[in-house]
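For reference, the structure discussed in these notes is given below.
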Amino acid sequence: MLRLNHLEAGYGSNQVLYGMDLDVQEGEMVTLLGRNGMGKTTTVRTIMGILRATAGEVVFRNRPLTRLPSYKIAQAGIGLVPEGRQVFPNLTVLENLLATAGNRRGRAEPWRIEQVFELFSPLARRRTHMGNQLSGGEQQMLAIARALMTNPDLLILDEATEGLAPLIRLEIWLVLETLKARGQSILVIDKNVEALTRIADRHYIMEKGAVVWSGDSRALAQDDELKMRYLGV
């Protein structure tokens, strides 16, 4: 579904990505792991066209995306839950969801408002509240729900549970499990290796802008030396 081939990118003269290779298959949950500053968010920004690649390519469903603007990439079927949530603060929960709603690829059963409220019951109770009146956990739920309302083929979450209380983190993991069971393809960045190895299929570990390891959950869970070396856990 998604393939990065020898991707390079950076900020001005500061190169961050050095030949990134990664793929996500249909229906998979794949993680991108690594310590802070290793290039994970830069990878996401480059996939989404927020940052222009300087070399390599991003291919989605056999279509090159590397030179497309961000809105075209979103329309192609990639939904982003950005780091820091970035909900619309002066819109209500309901308005945040309606603002992104669309079914451009003609899904037979697209996401609708009541379905995301069923998935995130706290949002249903807060539907008339402004985005800036929500807790951090509620804002993260809203960010995920807003991305789902675009009916994406691939959902990307950057720092899925960062800064959230344990109970909210658990709820987010349960939602991702539910989405995966429904066949949603997911690429997720997070630091909770234990939760990720429990629910994800495959993992990539980054170090200084490149992939240094990839493998399945069983291999990652059993390799304590690997986790200590690259993840600090």
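Each reported figure results from applying straightforward, stated rules to the coordinates on display, with no laboratory input. Here the structure is a predicted model, which means the values were calculated and not measured. Because the Cβ atoms are built from the backbone with ideal geometry, glycine has one as well, and the counts that use them run over all protein chains shown.
How long are the semi-axes of the equivalent ellipsoid of the stretch 169-219, defined as square roots of 5 times the Cα gyration tensor eigenvalues? Whole Å, largest first.
Its equivalent ellipsoid spans semi-axes of 21, 12, 10 Å.
With the chain treated as a Gaussian network of Cα nodes joined by springs under 10 Å, which of 96, 36, 14 yields the largest mean-square fluctuation?
14
Using modelled backbone amide H atoms (1.01 Å from N, in-plane), which distant-in-sequence or interchain residues come within less than 5 Å of residue 187's amide H?
Those lying under 5 Å, H to H, from residue 187 are 30, 155, 156, 157.
Modelling each spin label as a point 7 Å along the Cα-to-Cβ direction, I'd like the residue 57/residue 95 distance in nm, to one decimal.
4.3 nm
At residue 170 and residue 218, where each label point lies 7 Å from the Cα along Cα→Cβ, what is the point-to-point distance in nanometres?
Here the answer is 2.8 nm between the modelled labels.
Quick one: Cα centre-to-centre distance for the stretch 25-84 and the stretch 102-157, in angstrom?
Their Cα centres are 20 Å away from one another.
What are the radius of gyration and Dmax of the chain, computed over its Cα atoms and given in Å?
17.2, 49
What lysines does residue 227 reach when the alpha-carbon gap must be under 23 Å and sequence neighbours fewer than 8 apart in one chain are set aside?
40, 191, 208
By the gyration tensor of its Cα atoms, with a ≥ b ≥ c the square roots of the eigenvalues, what is the shape of the stretch 23-88: rounded for a/c under 1.5, prolate for a/b over b/c, or oblate? Don't skip to the end; give the middle numbers.
Details: a/c = 1.25, a/b = 1.19, b/c = 1.05.
It comes out rounded by the Cα gyration axes.
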